[in-house]
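My structure is below; once you've seen it, I'll send some questions.
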Amino acid sequence: AENYAIKTGVHPAETTRNAIHTFRRQIKRVGISYDWEAEIATSHPGYYKWTQWLFLELYKKGLAYQGDGMVNWCPSCQTVLANEQVVNGACERCETEVIQKKMKQWFFKITDYKDELISGLDQVDWPEATKQQQLHWIGKSEGHEVVWEVVDGAGIPNGKSIKTFTTRLDTIFGVTFIALSVKHDLVGEIRPLGKEAQKYVSEAVIQSESEAKRSGSKNGIDTGTKVKHPITGELIPVWIADFVIGSYGTGAVMGVPGHDGRDNEFAKIHTIKIERAIEGNQENSSDLYEGKGVLTTDFPNFGGLTSEQAIEKIEAEPTYSGVITKTTQYKLRDWL
Ligand SMILES: [Zn+2]
């Protein structure tokens, strides 16, 4: 409405009022019978005083707060765009290239209610499928957070680190790469990326993540940066990959191509080493095994342990405290 006002010089209050009249006339003409006494207009002061009241109540309780969020920004229109308004990386209105901009946004703290939202499902008579969707949306999963120290060219930690979340800590000996989302904070600052990598990043950022997810994209690029394996000390390459969703979890994942189908596909396309670190009961010579089993690593004290024993051992080992931490992760984000 603001941009239309700038273009035409007519006040938004007037154009909005006219639009409402047009809608009402059209709805009546097609014979839809609404109860017009219950009609509301969200732009009417008598209506929005209640939205404002509600917002203030949430604010007073700390449930509305300001934080940084990434938005699609059209530098020419000077406005935030919804994903649907970005067409091939350009603004649908003026075709200017859309950029990602960090901006102060208001968030509603729905994550305070994540466990209540799950337990409350027992008390509503929703269809089972709807409850499943709700659970999927909240996305609770138990696992571990692993901190990977970034190292310089000489293999010395440079003070930066990457966090990943996994539900399969037992596969950690099979990690052969770390993958960052293009939106990960470190992407801009880890060792100067090559020309090719920079080009890849700027293109990938424009393509929305949901698009990448839908098309099952396996694009990625080796950054040349390495991290140190928190247990073996081995140096692991850091990739940027668009299958990693920036808004989910830590925005980085540990790549275990020997034990995860998606990582396996990615590794094959980019010829990254595939390592089997767990054997199941059955003879299985393929390079992918997604089940649990017995660790095959020759790293001291871990080879021969079962998946469960290995996880317990890592959790109990003081050396890894603060580096590998048991945690619960939720997909649910605060409401933007
Ligand atoms: Zn524009």
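The values are calculated or read from the model by the stated rules, or taken from the named source; none is laboratory data. Since we're looking at a predicted model, the values are computed, not measured. A quick note on method: Cβ atoms are made from the backbone with ideal geometry, for glycine too, and the neighbour counts reach across all protein chains shown.
Name, by its number, the condition in (1) within 16 Å of the ligand (Cβ to nearest atom); (2) assigned to a helix (DSSP H, G or I); (3) not small (Gly, Ala, Ser) that does not hold for GLN26.
Here GLN26 meets the rest and fails (1).
Out of GLN100, GLN26, GLN66, I need the residue that is under 26 Å from VAL182 (Cα atoms), surrounded by fewer than 12 Cβ atoms within 10 Å (Cβ to Cβ) and either more than 32 Å from the chain's Cα centre (by Cα) or in contact (Cβ under 8 Å) with a residue 40 or more places away in the chain (or both). Which one? I'd like the intermediate steps shown before the answer.
Details: GLN100 fails: surrounded by fewer than 12 Cβ atoms within 10 Å (Cβ to Cβ); GLN26 fails: under 26 Å from VAL182 (Cα atoms).
Checking each option against the conditions leaves just GLN66.
Right, here's the next one. Among the residues of the range 290-336, write down those that are assigned to a strand (DSSP E or B) and of a type in the set (A, V, I, L, M).
The first filter runs over the range 290-336 and keeps only residues assigned to a strand (DSSP E or B), leaving 294-295, 306, 324-329, 335.
Within the range 290-336, VAL294, LEU295, ILE324 qualify.
For the range 214-284, which strands (runs of 3 or more DSSP E) that fit wholly inside it have 2 or more residues that are in the same structural domain as GLY153 (by TED's automatic domain parsing) and of a type in the set (S, T, N, Q)? Lay out the reasoning, then the answer.
Working: elements: 220-228, 235-241, 252-255.
By residue number, 220-228.
Answer yes if at least one residue in the range 128-142 is touching a residue at least 24 places away in the same chain (Cβ under 8 Å), surrounded by fewer than 15 Cβ atoms within 10 Å (Cβ to Cβ), more than 10 Å from the ligand (Cβ to nearest atom) and among the aromatic types (Phe, Trp, Tyr), and no otherwise.
yes
Suppose we filter the range 74-112 for residues that are away from the ligand (no atom under 13 Å from the Cβ), over 30 Å from LYS61 (Cβ atoms) and assigned to a strand (DSSP E or B); how many remain?
Selection size over the range 74-112: 1.
Name the pairs: first residue in the range 79-91 and under 17 Å from GLY69 (Cβ atoms), second residue within 11 Å of the ligand (Cβ to nearest atom) and modelled with pLDDT under 85, Cβ to Cβ under 7 Å, at least 6 apart or on different chains?
Note: pairs meeting the criteria are THR79/ASN3.
Could I ask something else about it? Of all residues in the range 88-118, which are touching a Gly at 6+ places or on another chain (Cβ under 9 Å) and among the β-branched types (Val, Ile, Thr)?
Residue satisfying the conditions is VAL98 alone.
Which residue pairs have Cβ atoms closer than 8 Å, lie 6 or more positions apart in sequence or on different chains, and pair a first residue in the range 38-63 that is surrounded by 10 or more Cβ atoms within 10 Å (Cβ to Cβ) with a second residue that is part of a loop (DSSP other than H, G, I, E, B)?
Listed pairs, sorted by first residue: TYR47/ILE40; TYR47/ALA41; TYR48/THR42; THR51/THR42; LEU63/LYS109.
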